[in-house]
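Report on one structure; see the data block that follows.
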C-alpha cells in the first residue's frame, strides 16, 4: 500500500495522524472512522492503512543466492530474515527473485523445569510484545483447534 497516501481511497476524507495500537503496531485510519473498543468494531468509514517499519539490512548473506539478508516484521508482529533479492508482484500475487525466508522463533529455552510435568520451560514473546513462560511441550492442534501437551503458562510482568 502507498505509504504517502493522505486521503481515504474509500470516501475521499483526510486520514488521521498515525497511531500506535496497544500491541505496538502502527496504523492510520480515515478521519470518518473510529475504533470502538467496547464493540471491537470500526464505526464509520472502515479504511485502515497499516504502517510497516522498513526492513533492516543485516550483516548476513543469503544462503541461496549470496545477496544481503534483511530483517522484516509483518503487520501481525512476526519477524523474519529474508533475502533482499526477493520481492512480491501484487499483480500476479507471486513471489519474485530469491524466495529465501527464515522465520524468527520468538521462543527461548530456559533452564527451569515445568512445575506441572517436569519438562523444560520456554520464554516466548507474543506478537503484542508481552512475554510468557510456558511448558516446552505445549502446542496447538490447528485442525481440531485444541491445546496439546502441558498447559502450564505464566505471564511475565513488565
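The values are calculated or read from the model by the stated rules, or taken from the named source; none is laboratory data. Here the structure is a predicted model, which is why all the values come from computation and not from measurement. Here the Cβ positions follow ideal geometry from the backbone for every residue, glycine too, while neighbour counts run over all protein chains shown.
Values for this structure:
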item	result
Residue within segment 76-85 that is loosely packed, with under 15 Cβ neighbours inside 10 Å, touching a strand residue (DSSP E or B) at 6+ places or on another chain (Cβ under 9 Å) and free of Cβ contacts under 8 Å to residues at least 24 places away in the same chain present	no
Some residue of segment 133-149 being closer than 30 Å to residue 30 by Cα, outside the structural domain of residue 25 (by TED's automatic domain parsing) and out of contact with any helix residue (DSSP H, G or I) (no Cβ under 8 Å at 6 or more places or on another chain)	no
Scan of segment 102-116 for residues that are more than 24 Å from residue 60 (Cβ to Cβ) and surrounded by 15 or more Cβ atoms within 10 Å (Cβ to Cβ), ordered by number	114
Residues being under 25 Å from residue 24 (Cβ atoms) and surrounded by fewer than 15 Cβ atoms within 10 Å (Cβ to Cβ) - total across segment 61-75	2
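So that you can scan it fast, the table gives a plain yes or no per residue for (1) more than 30 Å from residue 85 (Cβ to Cβ); (2) under 24 Å from the mean Cα position of the chain (by Cα):
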position	(1), (2)
12	yes, no
26	no, yes
29	yes, yes
39	yes, yes
42	yes, yes
47	yes, yes
54	no, yes
57	no, yes
64	no, no
